[in-house]
Every structure is written in structure tokens, then in C-alpha cells.
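> Can you keep this structure in mind? I'll have questions shortly.
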Amino acid sequence: MKGSVFDIQRASYVDGPGIRTTVFLKGCHMNCAWCHNPEGKRRGTQRMHFESKCLHCGKCAGVCRSGAISFVPSSGALGFSPGKCVLCGRCALICPQNAISLCGYETDSGEILDEVKKDIGFYNDTGGGVTLSGGECLDQPDFAAEILEKCKKAGISTAVDTAGDVPWESIETVLPYTDLFLYDIKCITPPLHRKFTGVGNQRIMENYRRLLSLGVGITVRVPLIAGFNDGDAESGKITAFLRENPPGRVEFLPYHAMGENKYRALGPGEPEKFSAPSQEVIGKLQAAVKSL
Ligand code: SF4
Ligand code: SF4
């Protein structure tokens, strides 16, 4: 079966235990304002132009046969018309700076298995494995399940990184082949969740409790965003919820700005500005869940 992927990262230490390979499935129906993988939101290939690398040499405009790139030699001004771009990749190939890339491709589970098997020795030595992430990997549940099943048959431990806002049937599809869920809890107050992510959190909470009742391995991951969930009221609700429904492990993920350049590369416009809470707030939250 084929599915949409935008990256496969080997030697990851941040998406579950040990050394892992993270496979990023492309497409997510949510719209988290601070998303650090904006290139994973839309399914299908997208062209990215990284202005910070660009020399404004104009070579890309010279090879584009669709008239999607305009270039003014006297000023070095570049323009891009997405509606004209046919995603042929010629501009990316000619660019001497690697300032252009085409992000996202269709691939099948067999090709992914071939890639992730390269590090099987590291997984075995470190208790690592393969993590499916995104985007929302459970927006492609059958594709995700096929990858995970092949990994399990190859003796590779598996994890699924999900925001949880999917039909329970999608979770059930991957359940037999998943050793660990990395499950996002972003906030507790429903209107706040909807405002910052585009969806309510009722289904997320229901799915979480249901997974917990099955005794499945769960690490809850909480993105920490100043002005969103770092106030006493909301962070108190998060820690209270985790006390009532304790997972195997909790990780707090303070906001980082690594996604901002990718927003600009996808264009148009500037990303919304966010920041991480203070170290004091982060320390307080970590202390509050230490004894779960
Ligand atoms: S070819 Fe690359 S460096 Fe030159 S103008 Fe195009 S994007 Fe910039
Ligand atoms: S991907 Fe192809 S059509 Fe699109 S801007 Fe580059 S050269 Fe032009």
C-alpha cells in the first residue's frame, strides 16, 4: 500500500526510547498554531523556498518552463506563482544553494521497511525502534498499520506519535502492532483547544482514557507554549488530569522556533509568534508530575 510521507529521520533520540528512526507521514486535519512541522500539514508534494539560503542568482527562474518563477536581474527580486507550478523539481535541481526543495512523496510500506531496517542493530542495542509521526500519522491508518505490522514482523519495536483526534477505529487499526503511543495532551479547556488547534478535545480525551484502560504503553507529551497552556489555571488542569489518568511517562516539550523557517519556505506570509514558558514554570510542571 502507498501513502504520503515527507521525511524519514534516522538516529532520532526524541521520539521514544533508544535510538529510533522516525517516519513522518504527511497530512494532518488539525491546525495547531505553533506546529513545528508545517510541511506535514497538507498531503501531497509542496515546493519550499528557503530565503535564508538564496543568493538571488536567478538560475531557478531560468529553468522553470511553467513561468512560475519571476526574476528581475537588476534588483535580484524573485517571485513565485504557486498556481503555475507543476512541481517538476527543475528549480530544486539547478539551485546551487539547495534553497529549494520539493517536500512530500508517495511511497509504499516495503520501501519504508527497507530504509528503517538499516538501523536494526542500533535499535537492538539501545531499546529503540521505529516511530510513526507526522503530520497526523493516524490520518492514514491503514498505511500506518501496514508499516507497523512489517516492522513487528522484522522484530522492530514500534511507537505511534499522535494527537489522538481520530476515530477510535483508526487507533484500533494500529493497536495490534504498536508497542508505545506518544500521545499529545495540549490543554484541557475545550474552547482553548479549539481556538489554538482548530478542533475540540473531547475525542482526544475519550481515546486517551480508552487506550489507558487497555493497559497500552503511553507516554503523554505536552507542548508548552507561553500564553496558551502555561498559566496557573490551565497547567493546573493538565497536571490534575494526568494525576487522575496517569500514563507510563510524561514529557513536556517547550516551544522551539525550528518550524518558523519552514513556514516561510512554504509561504506566503509570516508564522505566528510563540515562545516557551519560563524555566520556572517548566520546572514547576515537571515537579508536579514527578510522582505520578
Ligand atoms: S537558484 Fe537557488 S540561490 Fe539562485 S535564486 Fe533560485 S533559489 Fe535562490
Ligand atoms: S518545481 Fe518546476 S514548475 Fe515549479 S517552480 Fe520549480 S521549475 Fe517551476
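The values are calculated or read from the model by the stated rules, or taken from the named source; none is laboratory data. Computed from a predicted structure; not experimentally measured. Please note: Cβ atoms are built from the backbone with ideal geometry, for glycine as well, and neighbour counts cover all protein chains shown. We work out accessible area using only protein heavy atoms, side chains counted, and drop any ligands, DNA or RNA first. Shrake-Rupley method; radii C 1.70, N 1.55, O 1.52, S 1.80 Å.
> Would you confirm whether any residue within region 106-128 is in a helix (DSSP H, G or I), more than 30 Å from VAL199 (Cα to Cα) and of a type in the set (Phe, Trp, Tyr)? Explain how you work it out, then say what you get.
If we filter region 106-128 for residues that are in a helix (DSSP H, G or I), which is where we start, we get 109-126.
The next check asks that each one be more than 30 Å from VAL199 (Cα to Cα); those that pass are 110-126.
Remaining after also requiring of a type in the set (Phe, Trp, Tyr): 122-123.
Yes, region 106-128 contains at least one residue that is in a helix (DSSP H, G or I), more than 30 Å from VAL199 (Cα to Cα) and of a type in the set (Phe, Trp, Tyr).
Residue by residue, here is whether (1) open to solvent by less than 10 Å² (accessible area, probe 1.4 Å); (2) of a type in the set (Phe, Trp, Tyr); (3) in contact (Cβ under 8 Å) with a residue 40 or more places away in the chain; (4) in contact with a Pro (Cβ under 7 Å, 6 or more places away or on another chain) holds:
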{"position": "GLU111", "(1), (2), (3), (4)": "no, no, no, no"}
{"position": "VAL116", "(1), (2), (3), (4)": "yes, no, yes, no"}
{"position": "GLY121", "(1), (2), (3), (4)": "no, no, no, no"}
{"position": "THR126", "(1), (2), (3), (4)": "no, no, yes, no"}
{"position": "GLY129", "(1), (2), (3), (4)": "yes, no, yes, no"}
{"position": "GLN140", "(1), (2), (3), (4)": "no, no, yes, no"}
{"position": "GLU146", "(1), (2), (3), (4)": "no, no, yes, no"}
{"position": "LYS152", "(1), (2), (3), (4)": "no, no, no, no"}
{"position": "GLY155", "(1), (2), (3), (4)": "no, no, no, no"}
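> Take the residues in region 206-220 that are touching a residue at least 40 places away in the same chain (Cβ under 8 Å) and open to solvent by less than 20 Å² (accessible area, probe 1.4 Å); name whichever of them is farthest from the chain's Cα centre (by Cα).
Here the answer is LEU211.
> Is there a residue being part of a loop (DSSP other than H, G, I, E, B), within 15 Å of ligand 1 (Cβ to nearest atom), of a type outside the set (Phe, Trp, Tyr) and touching a strand residue (DSSP E or B) at 6+ places or on another chain (Cβ under 8 Å) anywhere in region 27-50?
Step one: filter region 27-50 for residues part of a loop (DSSP other than H, G, I, E, B), giving 27-37, 41-45, 50.
When the remaining residues are screened for being within 15 Å of ligand 1 (Cβ to nearest atom), the result is 50.
Now restrict to residues that are of a type outside the set (Phe, Trp, Tyr): none.
No, every residue in region 27-50 fails to be part of a loop (DSSP other than H, G, I, E, B), within 15 Å of ligand 1 (Cβ to nearest atom), of a type outside the set (Phe, Trp, Tyr) and touching a strand residue (DSSP E or B) at 6+ places or on another chain (Cβ under 8 Å).
> Kindly check whether there is at least one residue in region 55-63 that is within 24 Å of CYS28 (Cβ to Cβ), surrounded by 15 or more Cβ atoms within 10 Å (Cβ to Cβ) and without any contact (Cβ under 8 Å) to a residue 40 or more places away in the chain. Even if it seems obvious, please write down each step before you answer.
If we filter region 55-63 for residues that are within 24 Å of CYS28 (Cβ to Cβ), which is where we start, we get none.
There is no residue in region 55-63 that is within 24 Å of CYS28 (Cβ to Cβ), surrounded by 15 or more Cβ atoms within 10 Å (Cβ to Cβ) and without any contact (Cβ under 8 Å) to a residue 40 or more places away in the chain.
> What about ALA77, is it in contact with a Phe, Trp or Tyr (Cβ under 6 Å, 6 or more places away or on another chain) and within 16 Å of ligand 1 (Cβ to nearest atom)? Let's see the steps before the verdict.
Values: in contact with a Phe, Trp or Tyr (Cβ under 6 Å, 6 or more places away or on another chain): no; within 16 Å of ligand 1 (Cβ to nearest atom): yes.
No: the conditions fail for ALA77.
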